[in-house]
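The values are calculated or read from the model by the stated rules, or taken from the named source; none is laboratory data. As the structure is a computational prediction, the values presented were derived from the model and not from experiment. Note that we place each Cβ from the backbone using ideal geometry, even for glycine, and neighbour counts take in every protein chain shown.
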Amino acid sequence: MMGEAMFKSIRDEIDAMMARDPAARSRIEVVVCYPGFQALLFHRLAHGLWRGGWRLLGRLVSQLGRGATGIEIHPAVVIGKRLFIDHGMGVVIGETSEIGDGVTLYQGVTLGGVAPSVDSHNQRNTKRHPTLEDGVIVGSGAQVLGPITVGRNARIGANAVVTKDVPSGVTVVGIPARAVQSREQPKQAEPRFVAYGTPIGDLSDPIARSIDGLLDEVQTLRARVNRIEQRSVGGALDVEDGTVERGREGEGREASDPPQGKC
Ligand SMILES: CC(C)(COP(=O)(O)OP(=O)(O)OC[C@H]1O[C@@H](n2cnc3c(N)ncnc32)[C@H](O)[C@@H]1OP(=O)(O)O)[C@@H](O)C(=O)NCCC(=O)NCCS
């Protein structure tokens, strides 16, 4: 009965990997060719030993897994269902990391501490690695550092360095990581998995969008100034709080003002 449940859980994990990798063609291919799958098997064993108090043996199994797959997962790490580590080489997952269900990591990802070598003794047995909630995707080479939380379905761009919490559903890129967001909100409440983290909607940087907004505002104001100047040519200037009479063209302007009708 227990064996049956374990077999089902392994089959679910293989299916989840196939669903998230366009290159995967069969279950057997995943079993024999996917280091991410093999690393998970090593981790399940290492984690069991660790929890059973066999700490050194757990570390040893974890190191064997690292040698075989290029993926280093500390045996204490708590991992949910259907983790997919694609390609995997160079992935490092630190001791106090927590990983939810349906998470995807690409090669070269680190879930690490911010400064493990500084005052190491006091850092022992404290939470110093990230928590990734369900459905998170972490792009290749990204470094997620510190006891931060990456919210549900958030995405971290390739090579980003993330040291602050990431809210659910948000995509962050760059160093330090900053948010980019869809211009069009996804219609689905639960966005479907997109291979390689490539989003469906049109994304833009919120800073760039703010600058766009300011440029729009400048253009609106410029057009308004032009209109006011053109009106003032006739001698009468309308302003919002009343009408101001002008004696002749250009009266009241500074010498440095641009010519009327231009800006
Ligand atoms: C973050 C990510 C999911 C965004 O996907 P996207 O739709 O291509 O994003 P966009 O190009 O619309 O991004 C919006 C802005 O963020 C920038 N950006 C996207 N990904 C970035 C990254 N990893 N680092 C820095 N900037 C990035 C874009 O250049 C764009 O900036 P711009 O508006 O100034 O041109 C994707 O780029 C990514 O990094 N996915 C991980 C893929 C991966 O690891 N693949 C490995 C497979 S083996």
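Annotations
- Selection status of P22, out of contact with any strand residue (DSSP E or B) (no Cβ under 9 Å at 6 or more places or on another chain) and in contact (Cβ under 8 Å) with a residue 24 or more places away in the chain: yes
- Residue within region 115-123 that is touching a residue at least 12 places away in the same chain (Cβ under 8 Å) and away from the ligand (no atom under 12 Å from the Cβ) present: yes
- Residue list for region 45-57, restricted to those being of a type outside the set (A, V, I, L, M), surrounded by 15 or more Cβ atoms within 10 Å (Cβ to Cβ) and within 31 Å of the chain's Cα centre (by Cα): H47, W50
- Identity of the residue in region 138-155, within 9 Å of the chain's Cα centre (by Cα) and near the ligand (Cβ under 7 Å from one of its atoms), that ends up nearest to I85 (Cα to Cα): G139
- Residue within region 168-184 that is more than 16 Å from the chain's Cα centre (by Cα) and modelled with pLDDT under 85 present: yes
- Scanning region 212-248 for residues that are surrounded by fewer than 11 Cβ atoms within 10 Å (Cβ to Cβ) and modelled with pLDDT under 85 yields G213, D216, G234, V239, E240, D241, G242, T243, E245, G247, R248.
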